[in-house]
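Shown next, in structure tokens, is the structure this report addresses.
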Amino acid sequence: MANDVEKKTSDDLSHQLGISATVPDWSREEVRQFWDPGYKLLRAVRRYQAAKARGGPLGWVLSKHWVLVHRFWSIITQSEIHLGTQIEGGLRMPHPTGIIINPDARIGPNCQIFHQVTITSAVVMGGHVDLGAGAKIIGPLTIGDHVEVGANSVVTKDIEGGRIVAGVPAKTLRTW
């Protein structure tokens, strides 16, 4: 029963905010111009994972190619997003410089991560989570759907869905 209430709240927020916490919007990840480092880094991660899943000799060769592409864009963006990180669709990284994501982290659909964000081990992010510039997410913890984390905030505890948090340590400023 509690999950039904939480699901309904998340669905209501998705409708109200216009961004789903469950259905990925793949158009948010499109490479739109030649120099689009954040999206090209993310594309390298996605294509590497697809090549590994494909298997066989061609999958092996393609995965090696995408490792090189990933390394190039990691150097350009000064970011470290592990190739095995579980990232659902619709991730936006408008300013990808200095983003560090632990390989044990799981990122839900339609999230947004700004520059200098660090996500440590065993963090589970719900859908439509926005992480402001310089935010530090120190896990293990869970962040619910439709959460906004303010710039330079340090999150050390679970955050329920539909909240705006900020500060060191992060505290709820308001709920949706």
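Taking the alpha carbon gyration tensor of the range 1-146, multiplying each eigenvalue by 5 and rooting it gives semi-axes of 27, 17, 15 Å, largest first. 3J(HN,Hα) along the range 59-72, derived from phi through the Karplus expression 6.51 cos²θ - 1.76 cosθ + 1.60 where θ = phi - 60°, amounts to x, 5, 5, 5, 5, 5, 4, 6, 5, 5, 4, 4, 4, 4 Hz, with x in place of Gly and Pro.
Note on the chain: helix-only mean residue ellipticity at 222 nm, from DSSP H runs of 4+ residues weighted -39500 (n - 2.57) and normalised by residue number, equals -11000 deg cm²/dmol. For Leu141, nonlocal amide neighbours, meaning residues 5 or more places apart or on other chains whose placed amide H falls under 5 Å from its own, are Val123, Val124. Please list, or write none, the aspartates and glutamates whose alpha carbon is within less than 12 Å of the alpha carbon of Lys171, excluding same-chain residues fewer than 8 places away. Reachable aspartates and glutamates: Glu148, Asp158, Glu160. Judged by the mean number of other Cβ atoms found within 10 Å, the most tightly packed of the peptides 145-151, 39-45, 64-70 leads the ranking 145-151, 39-45, 64-70. Label-to-label distance, Val168 versus Thr97, with points set 7 angstrom from Cα along the beta-carbon direction: 2.0 nm.
Beta bridges assigned by DSSP with both partners in the chain are antiparallel in approximately 15 percent of cases.
The 3J(HN,Hα) values that the Karplus relation (6.51, -1.76, 1.60; θ = phi - 60°) gives for the range 44-52 are, in residue order, 4, 4, 5, 6, 4, 4, 5, 5, 5 Hz. Gly and Pro appear as x. Scanning residues 5 or more positions from His82 or on other chains, those with amide H under 5 Å from its amide H are Ile101, with H placed 1.01 Å from N in the peptide plane. Roughly what angle does helix 2-17 make with the longest principal axis of the chain, taking Cα atoms, 0 to 90 degrees, to the nearest 10? Roughly 70 degrees, rounded to the nearest 10.
Rule-based calculations on the coordinates, nothing more; no lab input. If you're wondering where the values come from, they're calculated on a predicted model, not measured in any experiment. When we count neighbours, we look across all protein chains shown, and the Cβ atoms used for this are built from the backbone with ideal geometry, even at glycine.
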